[in-house]
Every structure is written in C-alpha cells, then in structure tokens.
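**Student:** If you scroll down you'll find the structure; I have some questions about it.
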Amino acid sequence: MILALTFVHAAVLIIAASLFVVAAISDMRAYRIPNAVCALLLTAFPAYVATSPIPLNWKENIFVLAIVFSVGFACFLGNIVGAGDVKLLSVASLWAGPALIGELLMVTAFVGGIESLAITVVRHLSGKKMYPAKKLVKTEVPYGIAISAGGLAVLGMMAHSAFVRLG
C-alpha cells in the first residue's frame, strides 16, 4: 500500500513540475500564463496531500497562499505585476507552505534578477538605437519563468524530503 501511495505521490510531483515548465514556456513565448495551468496546480495539491507518505499540515499552506495572493493582488492593482504572475506565485506558495516559502521567494528573486538583467542588456544592446535609461526601467519581463524556477526548486526539495524520510 505504501509503495502505491509513494508512486502516486511521485507522479503528482512530476505533474506539478510539468505544469511549472508549461507556465514558464507560455510566459516566455506570449507573456501570458494560462489560467488552466494555475488551476491544475491548485487542484493537484490536494492529491499531493492525500498521497503524502508523511503527515502534512495543509492548513498552514492555505494560509501562506492567502497572504501571498493578498499582497500580489495589491501589487496587481498598483500595476506593478501581472495577474498571471500573481496567480502562479500564489499557487507556488501553496506548494511551498511556511516551511519552504523563503526558498521559493529567494530562488524566484535570484532567477528573476538574472532574467531581468539579461533581458535589459540584450534589449539595450540590440538594434542601432540605444534605449534611454528611463525606457529600460519599464522593460517587460516574463517573470513566470522565475516563479516557475522557484516552484521547481520547491518541488525538488519536497520530493527529496519526502523520500529521504521513507528511506
């Protein structure tokens, strides 16, 4: 029985990881994160909890999601971030919970900083005309890539933690 649950648990983690990859590719191509990806990540979490070989306090994860969504929604209203980024970061924070929210945010910020710098430099150096510094500040960045990297890092840490405890 535990082996079957462990297999399903691993499958749920692989599905979630695949969805983060889809979100990153979609954001990179079209600056858009499909609602279906966020909805599937949200609905996969109960399957993760139900098949976990170790007990999880999932209520704390929902609390973290609520906080991240509230802050993200305020940033969206202020036209600071896109709605897709808010939804993806919120659902990633559900998976991270209080135990891994710091890691999620650190990896997301690190990858996002490198991504922003690279995009800004490429846009600044491409073409014949140099962009003024003011325009570079407004450079759009597909931040779903960085959020997905953070989500993938969290899933990797979760998988390692769950299967090491079984071992």
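The values are calculated or read from the model by the stated rules, or taken from the named source; none is laboratory data. Remember, predicted model here, so these are calculated numbers, not experimental data. Cβ coordinates were reconstructed from backbone atoms using ideal geometry, including for glycine residues, and neighbour counts include every protein chain displayed.
**Student:** Which one of the conditions (1) in a helix (DSSP H, G or I); (2) of a type outside the set (Lys, Arg); (3) touching a His at 6+ places or on another chain (Cβ under 7 Å) does Pro53 fail to meet, given that it meets all the rest?
**Tutor:** (1)
**Student:** If you don't mind, another one. Scan region 34-43 and give yes if some residue there is closer than 17 Å to Gly156 by Cα and in a helix (DSSP H, G or I), otherwise no. Break it down stepwise before answering.
**Tutor:** The first filter runs over region 34-43 and keeps only residues closer than 17 Å to Gly156 by Cα, leaving 41.
If we keep only those that are in a helix (DSSP H, G or I) as well, we get 41.
Scanning region 34-43 turns up at least one residue that is closer than 17 Å to Gly156 by Cα and in a helix (DSSP H, G or I).
**Student:** Something else about it: Could you grab the pairs with beta carbons closer than 6 Å, sequence gap of 6+ or different chains, first residue in region 140-167 and buried (at least 22 other Cβ atoms within 10 Å of the Cβ), second one modelled with pLDDT of 80 or more and outside any helix (DSSP H, G or I)?
**Tutor:** As it stands, the answer is Pro142/Tyr31; Gly144/Ile33, since those pairs meet every condition given.
**Student:** Another question, then. With the structure loaded, tell me whether Gly102 is modelled with pLDDT of 95 or more, exposed (fewer than 15 other Cβ atoms within 10 Å of the Cβ) and of a type outside the set (Ser, Thr, Tyr) or whether it fails that test.
**Tutor:** On the way: modelled with pLDDT of 95 or more: yes; exposed (fewer than 15 other Cβ atoms within 10 Å of the Cβ): yes; of a type outside the set (Ser, Thr, Tyr): yes.
Against the criterion (modelled with pLDDT of 95 or more, exposed (fewer than 15 other Cβ atoms within 10 Å of the Cβ) and of a type outside the set (Ser, Thr, Tyr)), Gly102 qualifies.
**Student:** Can you name the residue in region 45-62 that is under 22 Å from Gly144 (Cα atoms) and more than 14 Å from the chain's Cα centre (by Cα) and is also surrounded by the most Cβ atoms within 10 Å (Cβ to Cβ) among such residues?
**Tutor:** In the first step, residues of region 45-62 are kept if they are under 22 Å from Gly144 (Cα atoms); the result is 45, 61-62.
Then drop every residue that is not more than 14 Å from the chain's Cα centre (by Cα), which leaves 61-62.
Numbers: Asn61: 22, Ile62: 14.
Across region 45-62, the extreme among qualifying residues is Asn61.
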